[in-house]
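Only one structure is covered here, and it is reproduced in the block below.
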Amino acid sequence: MMHSAHPQHLTISGYVKIGNKWIPELKGGNMRYFMGILIFAVLSYPTSIPGQPTLSVREGLNLATLSGEIMDRHPVNARATFKLGVSGTFPVRGRFGFQLNSDYVQKGAHDFLYDFIIEVDYIEFSGLANITLISPYHAPSLFILAGPSVAFKVRSEGEQLARRHWRDRFEFKTTDFGIIVGLGTQMTFSEAMIIKAELLYTEGIRSINKTAPYDPNFNAETSIKNRAISACVGLGFPYGRRTGG
């Protein structure tokens with residue numbers, strides 16, 4: 001009598017016996033069901049991040065300069081100023097949230113060679129997407145910020161060879177639009193307080209120039225745009241219902 005070299009397979013009620021072991025039979029609908037559960041678990045795990053609305057106050061250093069046609073011909077130096085504001089961070093789903101900012105920010109530029117100073121101060125509002133890279137389970141967390149901004153001029157002063165032209169005022173548009181991108185981190189100090197830090201880059205997307213009569217080649221069509229890099233630290237105060245986790 002000849003015996004098969006292959007082990008006998010016996011199936012009973014969804015299980016298959018191979019040798020002396022019974023294992024679940026996975027085929028057809030059962031296999032699809034198992035794979036569906038596995039894929040759902042893998043995709044769901046990294047997005048299960050607890051979140052809570054947070055109100056923050058912050059301040060920091062702002063390095064501002066100007067870009068444009070005339071600045072390309074004659075580069076200017078950055079103006080070191082301060083930035084002060086408040087923000088609200090709101091979780092949406094998983095790693096995604098949004099942050100609303102309101103800041104008093106000083107912009108402009110210096111040119112020490114020609115005794116050239118432009119100072120333009122704004123109240124700036126921005127709405128930024130907040131995408132978590134390293135979750136709050138790890139201390140400190142890390143997140144990306146990106147979104148549009150709109151700023152309203154509250155003060156404008158400038159001196160460009162003022163003794164020659166007997167005036168110290170420049171005409172700039174009252175509204176400035178820009179794009180903000182950057183990185184942030186936060187660490188829990190206590191259940192009622194967190195410490196936040198952000199490094200942001202702001203690029204103006206519309207010329208702020210209105211008039212500049214001191215230069216015959218410099219008119220309302222000559223583009224001048226704001227640029228700034230800011231580093232801010234602040235305190236955040238969570239409130240409301242905690243989501244996720």
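What distance in nm separates the simple spin-label points at Ala231 and Leu183, each placed 7 Å from Cα in the Cβ direction?
Distance between the two pseudo-spin positions: 1.3 nm.
Where does the charge balance sit around Lys196 when Lys and Arg score +1, Asp and Glu -1, over other residues with C-beta under 15 Å from its C-beta?
-1
Between Ala197 and Thr222, what's the calculated FRET efficiency when r is the beta-carbon distance and R0 is 45 Å? Round to 0.05.
0.75
Residues in the range 174-212, backbone N under 14 Å from the label point at Lys153 (7 Å along the Cα-to-beta-carbon vector): list them, ranges by number please.
174-177, 206-212
Given labels modelled 7 Å from the Cα in the Cβ direction, how far is it in nm from Thr175 to Tyr239?
3.0 nm
Where a number appears in this text, it was derived from the coordinates with a stated rule and is not lab data. Predicted model, so just to flag it, every value in this text is computed and none were measured. Please note: Cβ atoms are built from the backbone with ideal geometry, for glycine as well, and neighbour counts cover all protein chains shown.
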